[in-house]
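Notes follow the structure.
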Amino acid sequence: AFTITFLFFISIFCFFYFSLYLASLPSHLNSNDILLYFNSFFVHDAQILRGEPAVRVTGIGRSLLIISIIFFNMYLFFNKKSQIKFPLLILLIFINTSIIFTGSRFASYSLLLTYCFFILFLNINFLKKIKYFIIFLIFPIILFLITGNILKNAQLNKKLNSNNEIKKDIEKEKQKLNKITKKSEKEKILLRILEKENLIESIEVINETRYFDKINDTTGRVEIWKNAIEISKERGNFLLGNGINADRRLLVKYGNEFGTNASNGLINTYLTSGFLGLIIFIILSLIILRKIYEFIFIYKCFSYFREYYIINLSILIIFIFYQRIFFENSITSFGVDYLLFIVCCYFLLNKIKKLKIN
């Protein structure tokens, strides 16, 4: 029952976030950048339903990453003759390309690391590993560059046409200006001309992508980490920390320029529960990593998808979360990440070594 409930939740999770992503695509044609990061569908004050704030596009990117891992497990689960293999292949290429399009740096980096990790330990020959690497990683990058260039040109042409229309309006206003003698009317026309000229100047040239231009940008995280350490020094609660949500309560004194989230799971654990909590978290993580080692190297779980389908999925989701704790609170704060992590740990730590499908 627990397993079925988890699989049902994963299905709802996939359906919701994938549908939300598809719903955002039409509005992207009016975006000023090829990345969904600047899509009006995901702006700060946007709403999915009345009163319900929109999901951040970086959250969509991370969700698509988990969805990609789920579908890749399904792809490997079915045998070669299965008719569902090819549709899954196309879907995976689309999803992996979409992850890059979201502009989420973590999702893009983690896509590369997680697939490399998974493919590396698959019990298949070297040429097949290279084939998977090219199909599921290299090809989506090439597709992103080609599609992004087409979309950029379309957006640029649209802006150029808009500029041309504004210039025509300016010429008409100037012609009117030559015919008018009243000073008050002239001032009104000059003001309209100035506004339209400023509008043309304010239209920025479309960047090829925020992703490559700001690949080393930490979005203020380094400053947040420094502030969190300073707070720890000021408070002096090194052993037991400063309590639940200490980052959100204490980082307020530094304003909201970089946010009030520790943006690092280890720092968040230290800030909230001190060295004691951090040591316990590390010990628990080592227990989980030991179980992952056993399943991969002793039970060869990546070689038997029909027996270890839940275990394989749990390992990869946990691997993603452990990557994320270096840039977000993730599993160290109560939320969807934490709940998924706990359930995946349950499957790894329980006494059932094989979860068979009859």
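The values are calculated or read from the model by the stated rules, or taken from the named source; none is laboratory data. What you see is a predicted model; the values in this text were computed from it and never measured. Glycine also receives a Cβ, built like all others from the backbone with ideal geometry; neighbour counts cover every protein chain displayed. For the accessible areas, the whole protein counts, side chains as well, though only heavy atoms, and no ligand, DNA or RNA atoms are used. Shrake-Rupley method; radii C 1.70, N 1.55, O 1.52, S 1.80 Å.
On the stretch 81-124, 74 percent of the accessible area sits on carbon and sulfur atoms, based on a 1.4 Å probe.
Of all accessible surface on the stretch 268-358 at a 1.4 Å probe, what whole percent is carbon and sulfur?
70
Pairs over the 23 Å Cα-Cα cut-off, from the set K85/K131; K81/K291; K131/K291; K80/K291: K81/K291; K131/K291; K80/K291. Each Lys or Arg adds one and each Asp or Glu takes one away; over the other residues whose Cβ falls under 15 Å from the Cβ of L112, this sums to +4.
Show me 290-300, 60-70 ranked by packing, highest mean number of other Cβ atoms within 10 Å first.
60-70, 290-300
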